[in-house]
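Enquirer: What follows is a structure written as structure tokens; I'll ask about it next.
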Amino acid sequence: MAGHNPTREEAWAILTDHVKNPSLIHHALAVEAVMRHLARKRGADEETWGIIGLIHDLDYEEHPDEHLRHAPEILRSHGWPEEHVRAVLAHGWGIRTDVEPITDLEKTLFSIDELTGLVAAAALVRPSRSILDLPVKSVRKKWKDKAFAAGVNREVIEKGAGLLGIPLDELIADTIEGMKPVAGQIGLKGNR
């Protein structure tokens with residue numbers, strides 16, 4: 001069992017076993033979708049990137065004050081490979097863990113995790129309440145307003161874009177694009 005490559009079905013089963021909150025499920029689906037989009041764009045393994053995006057906040061609901069302290073043991077108990085465990089830990093770099101994102105996958109997850117929250121919030125304040133017509137400039141405008149989606153750590157996003165070596169606008173555009181296919185599942189299809 002050790003070190004097998006988990007399937008999306010396995011990841012979903014573990015996630016829904018530990019996470020019941022619909023907004024956390026929406027976040028997991030958003031991050032998965034963006035990770036898949038960016039894996040395709042980079043010619044990386046879409047399945048692995050997506051699964052790690054889906055599972056990254058596995059222990060957050062049950063242990064909000066000890067986020068990422070329990071995820072490794074849960075994943076290891078299911079026989080997940082160490083590089084998957086490391087990628088999950090790396091998304092909390094500098095806040096919850098000292099595991100620095102090294103691989104493209106790790107840097108991408110670190111960069112877009114918080115950003116999906118800002119993008120979702122920016123979509124919800126539009127007249128359409130939809131991500132489908134959300135321009136990058138709307139997200140940038142909300143970015144400057146520190147009171148808007150105040151829980152979103154903009155420094156982490158900037159640090160991530162720097163690690164990836166891409167402009168912030170490109171990261172925002174990719175995050176919006178990545179979330180569009182799951183708009184209906186994550187409550188961002190709006191009123192069209």
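Enquirer: Return the total of residues in segment 8-18 being touching a residue at least 40 places away in the same chain (Cβ under 8 Å) and either among the charged types (D, E, K, R) or more than 15 Å from Q185 (Cβ to Cβ) (or both).
Expert: 5
Let's see how each residue does on (1) without any contact (Cβ under 8 Å) to a residue 24 or more places away in the chain; (2) in contact with a Lys or Arg (Cβ under 6 Å, 6 or more places away or on another chain):
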{"position": "R40", "(1), (2)": "yes, no"}
{"position": "E47", "(1), (2)": "no, no"}
{"position": "D57", "(1), (2)": "no, no"}
{"position": "H63", "(1), (2)": "yes, no"}
{"position": "H67", "(1), (2)": "no, yes"}
{"position": "P72", "(1), (2)": "yes, no"}
{"position": "H78", "(1), (2)": "no, no"}
{"position": "E82", "(1), (2)": "no, no"}
{"position": "R86", "(1), (2)": "yes, no"}
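Okay, residues lined up against (1) touching a helix residue (DSSP H, G or I) at 6+ places or on another chain (Cβ under 6 Å); (2) surrounded by 22 or more Cβ atoms within 10 Å (Cβ to Cβ); (3) among the basic types (K, R):
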residue: V31; (1), (2), (3): yes, yes, no
residue: R40; (1), (2), (3): yes, no, yes
residue: E46; (1), (2), (3): yes, no, no
residue: I55; (1), (2), (3): yes, yes, no
residue: E66; (1), (2), (3): no, no, no
residue: H70; (1), (2), (3): no, no, no
residue: I74; (1), (2), (3): no, no, no
residue: S77; (1), (2), (3): no, no, no
residue: I95; (1), (2), (3): no, no, no
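Enquirer: Collect the residues in segment 1-44 that are more than 17 Å from R76 (Cβ to Cβ), β-branched (V, I, T) and part of a helix (DSSP H, G or I), keeping them in residue-number order.
Expert: T16, I25, V31, V34
Enquirer: Applying the selection to segment 126-172, what residues are surrounded by fewer than 17 Cβ atoms within 10 Å (Cβ to Cβ), small (G, A, S) and in a helix (DSSP H, G or I)?
Expert: G162
Enquirer: Let me ask another. Just checking, which of L115, L188 is assigned to a loop (DSSP other than H, G, I, E, B), closer than 19 Å to M35 by Cα and touching a Leu at 6+ places or on another chain (Cβ under 9 Å)?
Expert: The unique qualifying residue is L188.
Enquirer: Name the single residue that is nearest to L24 (Cα to Cα) among those in segment 97-113 being among the charged types (D, E, K, R) and buried (at least 19 other Cβ atoms within 10 Å of the Cβ).
Expert: Filtering segment 97-113 for residues that are among the charged types (D, E, K, R) and buried (at least 19 other Cβ atoms within 10 Å of the Cβ), the one nearest to L24 (Cα to Cα) comes out as D113.
Read the figures in this text as sums done on the coordinates, not as results from a lab. Treat the numbers as computed from the prediction; the structure is a model and nothing was measured. Every residue, glycine as well, gets a Cβ built from its backbone with ideal geometry; the counts of neighbours run over all protein chains shown.
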